[in-house]
Amino acid sequence: MPVRSLITGGAGFIGSHLSEALLARGEEVYVLDNLSTGSIVNIDHLKSRPGYHYVLDSVHNNSVVAEMVDRCDIVYHLAAAVGVKLIVEDPVNTIETNVHGTETVLQNASKKGKKVLIASTSEVYGKSEQFPFREDQDVVLGPSSKSRWSYACSKLVDEFLALAYLRQKKLPVVIVRLFNTVGPRQTGRYGMVIPTFVRQALLNEPITVYGDGNQSRSFTYVGDVVWALARLAQAPEAIGQIFNIGSGEEITINELASLIKQMTGSKSEIVHIPYGEAYEEGFEDTGRRVPDISRLVAAIGYKPSWNLRGILERVIEHTASELAETTRAVSIAV
Ligand code: UDP
């Protein structure tokens, strides 16, 4: 009997790649997604695959979650409000989706004793300056008057709740903190920097660096992230632990803009936009974000397969073919 995995948020960027990985290792995949930030296009190629099932509904719908949890052996809870832009624009939905959705999943998983892997975020480290970020260090968040921090806070509540279920109800849970994850199918619609820059560069439009561009990030290929998720789900020693999933290769946003411009041969101008204009007045960015991944390496022998250049090559290729497809569709229509 194959393992049956439920992926909430399975039509999202990471969820669709995770579905592919689990199907490839012979599992049955059940996806729950309300398409709020996910897209049917992400799963079009999976719909006819044997062992793939999807339900278009919300993690807030208790009876649907109960039914799907009951049917599956393990839950990958990825459904969440994502993207800093979205969070700033729609804080009510961010908090409610992240807190209430996780509560619904954990309650139902606990009733049936099903293992849950909870996707948290590197955002929880906030403004900490203790680099590289380790899972057990203190977090430093900004004030509640700045809506950006609602994302970190809501995800921390998810982590607390998952660990509380473990301690009090013996529910097997694993928590992962995903660092900036990138790859084909990620959309720039919610502000993510790499799909945004690549698209701008390919269209020869201005590349929009926010702030002074000296802030840095480390980017991880989505294929490496889903490999780690799938392995952690099978590792008994991972239960009750928190893992950073990311890469140590850091780059400033200014350097990233120049690299993408050079790799695409773009004529785009690189422009700087104040944070207040890009997000909201008084917006606070995280200046640097880099993980310590030694815990993940020790648990599952994690080793990223793609460096930043390799990741960018793939994203550029994917975005170029998407743009060519759109141009073709428009020319057929006119
Ligand atoms: N960013 C940028 N231009 C954009 C989009 C994002 O300069 O068009 C910056 C953003 O301000 C942040 C970094 O790129 O400093 C990464 O942003 P993203 O939203 O991808 O992820 P975050 O690390 O903020 O969660």
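The values are calculated or read from the model by the stated rules, or taken from the named source; none is laboratory data. Keep in mind that what you see is a predicted model, and the values were worked out from it rather than measured. Backbone-built Cβ (ideal geometry, glycine too); neighbour counts: all protein chains shown.
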Within the stretch 135-163, residues within 16 Å of the ligand (Cβ to nearest atom), within 22 Å of Val225 (Cβ to Cβ) and under 17 Å from the mean Cα position of the chain (by Cα) come out as Tyr151, Ala152, Ser154, Lys155, Leu156
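The rows are residues; the columns are (1) hydroxyl-bearing (Ser, Thr, Tyr); (2) touching a strand residue (DSSP E or B) at 6+ places or on another chain (Cβ under 8 Å).
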| position | (1), (2) |
| --- | --- |
| Leu35 | no, yes |
| Ser48 | yes, no |
| Asp57 | no, yes |
| Val64 | no, yes |
| Val69 | no, yes |
| Leu78 | no, yes |
| Val82 | no, no |
If you go through Arg217, Arg167, Arg231, Arg199, the only one that is within 11 Å of the ligand (Cβ to nearest atom) and more than 18 Å from Asp285 (Cβ to Cβ) is Arg199
**Message:** It is to be established whether one or more residues within the stretch 196-203 are polar (S, T, N, Q) and not in a helix (DSSP H, G or I).
**Reply:** no
Scanning the stretch 172-185 for residues that are modelled with pLDDT of 95 or more and out of contact with any Lys or Arg (no Cβ under 8 Å at 6 or more places or on another chain), the one farthest from the ligand (Cβ to nearest atom) turns out to be Ile175
Counting only residues in the stretch 94-134 that are more than 16 Å from the ligand (Cβ to nearest atom), in contact with a Leu (Cβ under 9 Å, 6 or more places away or on another chain) and assigned to a loop (DSSP other than H, G, I, E, B), the one farthest from Arg288 (Cα to Cα) is identified as Gly113
Residue check, Val222 within 16 Å of the ligand (Cβ to nearest atom) and modelled with pLDDT of 95 or more | yes
The residue that is surrounded by the most Cβ atoms within 10 Å (Cβ to Cβ), considering only those in the stretch 79-93 that are within 17 Å of Val59 (Cβ to Cβ) and within 16 Å of the ligand (Cβ to nearest atom), is Val82
So, first residue at positive phi in the stretch 207-219, second residue within 8 Å of the ligand (Cβ to nearest atom) and outside any strand (DSSP E or B), Cβ within less than 9 Å, six or more apart or across chains; the pairs are Gly211/Ile253; Gly211/Tyr275; Gly211/Ala278; Gly211/Asp285; Gly213/Ile253; Gly213/Leu256; Gly213/Ala257
Those residues of the stretch 76-93 which are within 16 Å of the chain's Cα centre (by Cα) and either outside any helix (DSSP H, G or I) or small (Gly, Ala, Ser) (or both) amount to Tyr76, His77, Leu78, Ala79, Ala80, Ala81, Val82, Gly83
Q.
When you check Gly15 against the structure, is it more than 21 Å from Val174 (Cβ to Cβ) and among the small types (Gly, Ala, Ser), yes or no?
A. no
Check your understanding: Do the conditions hold for Asn307, that is, is it in contact with a Gly (Cβ under 6 Å, 6 or more places away or on another chain) and either under 17 Å from Ala201 (Cβ atoms) or of a type outside the set (Ser, Thr, Tyr) (or both)?
Key -> no
Scanning the stretch 8-58 residue by residue, those surrounded by 24 or more Cβ atoms within 10 Å (Cβ to Cβ) and in a loop (DSSP other than H, G, I, E, B) turn out to be Gly9, Gly10, Ala11, Gly12, Gly38
The strands (runs of 3 or more DSSP E) lying entirely within the stretch 238-334 that contain at least 1 residues which are of a type in the set (A, V, I, L, M), without any contact (Cβ under 8 Å) to a residue 60 or more places away in the chain and within 12 Å of the ligand (Cβ to nearest atom) are 250-252
Checking Gly211, Gly191 in turn, the sole residue that is in contact with a Gly (Cβ under 8 Å, 6 or more places away or on another chain) and within 16 Å of the ligand (Cβ to nearest atom) turns out to be Gly191
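Just to be sure before I move on: is Ser63 away from the ligand (no atom under 16 Å from the Cβ), small (Gly, Ala, Ser), surrounded by 17 or more Cβ atoms within 10 Å (Cβ to Cβ) and over 18 Å from Met192 (Cβ atoms) in the structure I sent?
No.
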